[in-house]
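The values are calculated or read from the model by the stated rules, or taken from the named source; none is laboratory data. All of these numbers come straight from a predicted model, not from anything done at the bench. Don't worry about glycine lacking a Cβ; one is built from the backbone with ideal geometry, like all the others, and counts go over all protein chains shown. What goes into the accessible areas is simple: the full protein's heavy atoms, side chains included, and nothing from ligands, DNA or RNA. Shrake-Rupley method; radii C 1.70, N 1.55, O 1.52, S 1.80 Å.
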Amino acid sequence: MALLGATGSIGTQTLDVVREERDRFELVAVAGGQRLAELSAIVKEFNLEAVGVVSERDRDELRALVGPGPEIVIGAEGLASLSSSADVVVNAVVGFAGLPVTLSALAAGKRLALANKESLIAAAPLVQAVRDTPGAQILPIDSEHCAIHQCLVGSVEAGHPDVAFIHLTASGGPFRGMTKEQLSHVTKDDALHHPTWLMGPKITVDSSTLMNKGLEVLEASALFGIEVERVNVVVHPQSIVHSMVEYVDGAVLAQLSMPDMRLPIAYCLGSPVRSEHAWGRLDFSKNLTLEFEAPDREAFGALDLAYDAARAGGAAPAWLSAANEVAVEAFLQGRLVWSQIVPLVAAVMDEYVEDPLATLEDLVENDATARRLAHGMVPR
Ligand code: NAD
Ligand code: MG
């Protein structure tokens, strides 16, 4: 397997899975954006022959750390080339930067174990075109989508006409239950404190605005070929039910487990064979309470923005994701307050000009336009 984004939250948890099942999984290549000392330690531990970094400067720095042995590739092209020697490609890069991994892995007919939702959402029509490559397959690491994948085993017909709804569960994030007034005072520390999951900063902020769930609605629609009208969001604070599929006859199938990303990661690497190692077990002899409630769409406007982008189709989801990346980055840098994130994304979406997104060049151009508009709206 190749692990791109090896030093991040999903990356390090994937390494845990490999360490646990060394007889099943062999790592052949990794890539990372920063944290070169950690990347070097991974290269040495797994005795790797190929590693990717972002820039020439990073390459020189990493070379000094790893010595003359491993090949070091650079940038988007380098990322794409690392898929070639693997059977399974794990895309654990954050943001639009993960696009070359998604497209190259599928075009090369690999199994893509996909954590990077942004690439799939932005490039949905382009991903669809390379998904038919013989051997190509997407297994979703995102816990909700991995749950749905497991609950869809009984539904074999294209387009899933026997599925009435997909119910995507959401923890609700750290600000569940707050009013708009209360939300106007929350801080960066508050936003970075997720109640049930420990994740990278971008997705943690996305979870606090519910933009993560909005992006996941788009992700589910693209992955399973189900229109967003059949994708429903339900708040479930315990993060035990990872999502549900409701069939036309009223039967609801759910996947439950402790909230630990190493379970979906191991599932995606080894499917259809399950990991023999349990990544936590539920104890039904203790009082296990599972709650479900509707999301507050008024206070958390990101959800409706995502549904609107899905209905608009074409490049609209790419705009949404790009504008959100810029807004979240500005928030993390202290240049936006939390309550400005979603309105900024909405203001960018107001400028959206329809584009069917036929080529990669179209996508890159749309991404750049949305980013430029978003940057222009961040206070100096
Ligand atoms: P993170 O910030 O912890 O890690 C991101 C990784 O990407 C790091 O290794 C970083 O070095 C690398 N990276 C960034 N830019 C790069 C570039 N240009 N080239 C190469 N590598 C680059 O993020 P994360 O929380 O691990 O999330 C990764 C992806 O998985 C995101 O798309 C996120 O939405 C998704 N995801 C994460 C979780 C989770 O529990 N963390 C759950 C579901 C989905
Ligand atoms: Mg998720």
Selection within the range 190-206 - more than 9 Å from ligand 1 (Cβ to nearest atom) and open to solvent by less than 10 Å² (accessible area, probe 1.4 Å): 191, 205
Residues in the range 345-361: is at least one in contact with a helix residue (DSSP H, G or I) (Cβ under 7 Å, 6 or more places away or on another chain) and under 18 Å from residue 204 (Cα atoms)? yes
Out of (1) within 16 Å of ligand 2 (Cβ to nearest atom); (2) among the polar types (S, T, N, Q); (3) under 17 Å from residue 82 (Cβ atoms), the one residue 47 does not meet is (1)
Looking only at the range 112-127, decide whether some residue is crowded, with 20+ Cβ neighbours inside 10 Å, more than 10 Å from ligand 1 (Cβ to nearest atom) and free of Cβ contacts under 8 Å to residues at least 60 places away in the same chain. yes
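List the helices (runs of 4 or more DSSP H) inside the range 280-380, counting only whole elements, that have at least 1 residues being of a type in the set (Ser, Thr, Tyr) and open to solvent by 30 Å² or more (accessible area, probe 1.4 Å).
338-350, 360-377
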Which number in (1) more than 18 Å from residue 112 (Cβ to Cβ); (2) assigned to a strand (DSSP E or B) marks the one condition that residue 44 misses? (2)
Pairs only if they're at least six apart or on different chains, beta carbon under 8 angstrom, first in the range 190-202 and without any contact (Cβ under 8 Å) to a residue 24 or more places away in the chain, second within 13 Å of ligand 1 (Cβ to nearest atom) and open to solvent by 70 Å² or more (accessible area, probe 1.4 Å); list them, first residue then second. 192/201
Got at least one residue in the range 73-92 being small (Gly, Ala, Ser), within 13 Å of ligand 1 (Cβ to nearest atom), modelled with pLDDT of 95 or more and under 14 Å from residue 6 (Cα atoms)? yes
Which condition from (1) more than 21 Å from the chain's Cα centre (by Cα); (2) over 24 Å from residue 299 (Cβ atoms) is the one that residue 350 breaks? (2)
Matching option when the condition is open to solvent by 20 Å² or more (accessible area, probe 1.4 Å), in contact (Cβ under 8 Å) with a residue 60 or more places away in the chain and either out of contact with any Leu (no Cβ under 8 Å at 6 or more places or on another chain) or not in a loop (DSSP other than H, G, I, E, B) (or both), among 94, 89: 94
Condition first: more than 22 Å from the chain's Cα centre (by Cα) and either near ligand 1 (Cβ under 8 Å from one of its atoms) or open to solvent by less than 30 Å² (accessible area, probe 1.4 Å) (or both). Can you find one or more residues in the range 5-19 that meet it? no
So which of 255, 238 ends up being surrounded by fewer than 23 Cβ atoms within 10 Å (Cβ to Cβ) and either touching a strand residue (DSSP E or B) at 6+ places or on another chain (Cβ under 8 Å) or charged (D, E, K, R) (or both)? 255
